[in-house]
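S.K.: Can you keep this structure in mind? I'll have questions shortly.
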Amino acid sequence: MARRAEPVEPRKMPQREPPRRERAFRLGLSAESRAAMLLIAKGYRIAGRRWKTPFGEIDIVARRRRTLVFVEVKAREQTDDAAEAVTERTRRRIVAAAQLWLAHHPDDSGRDIRFDVMLVAPGRVPQHIVNAFDASG
């Protein structure tokens, strides 16, 4: 008579904390999703998300009526910290990337262009700063 093998409990792997960079990446994705949902609720159509260029990434490109909006999403523990993270360098990067978007999407060249910032903090509705800066810096 063959003896039945006893079931073996799978060995539990210790739960490890994701590296800081991975946590930041996940936080950014979540913040961008929250920002996109708020824009949709406000009547915007999302034309692009995480659009990569040699100059950097545009978080969200949205259209509403005759306006094309390039949105930078900043997520921090406090909205004030998120606002401070939108530096002059960030602005130049977004403007350069927006110019490339327009070169790749000529149908958008006749639209009004705007640069918005969305500040995201845990447990709070994202704060939408309309026309946060212009192409001149």
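S.K.: Evaluated at 37 °C with a viscosity of 0.692 mPa s, what Stokes-Einstein diffusion coefficient in µm²/s does segment 21-133 have when Rh comes from the Kirkwood expression over alpha-carbon pairs?
M.R.: The estimated diffusion coefficient comes to 233 µm²/s.
S.K.: Find the all-direction average of the projected area of the Cα convex hull for segment 57-123, expressing the result in square nanometres with one decimal place.
M.R.: That works out to 4.9 nm², a quarter of the Cα hull's surface.
S.K.: Please give, to one decimal in nm, the separation of the simple spin-label points placed at Asp108 and Leu38, each 7 Å out from Cα toward the Cβ.
M.R.: Going by the 7 Å Cα→Cβ label model, 2.0 nm.
S.K.: Can you find, among Phe70, Gly43, Ile58, the residue sitting farthest towards the positive end of the charge dipole of segment 21-133, where Lys and Arg contribute +1 and Asp and Glu -1 at Cβ?
M.R.: Gly43
Throughout, read-outs are computed from the coordinates displayed, never taken from laboratory work. These numbers were taken from a predicted model, which means no experiment stands behind them. Here the Cβ is made from the backbone with ideal geometry for all residues, glycine too, and neighbour counts use every protein chain on show.
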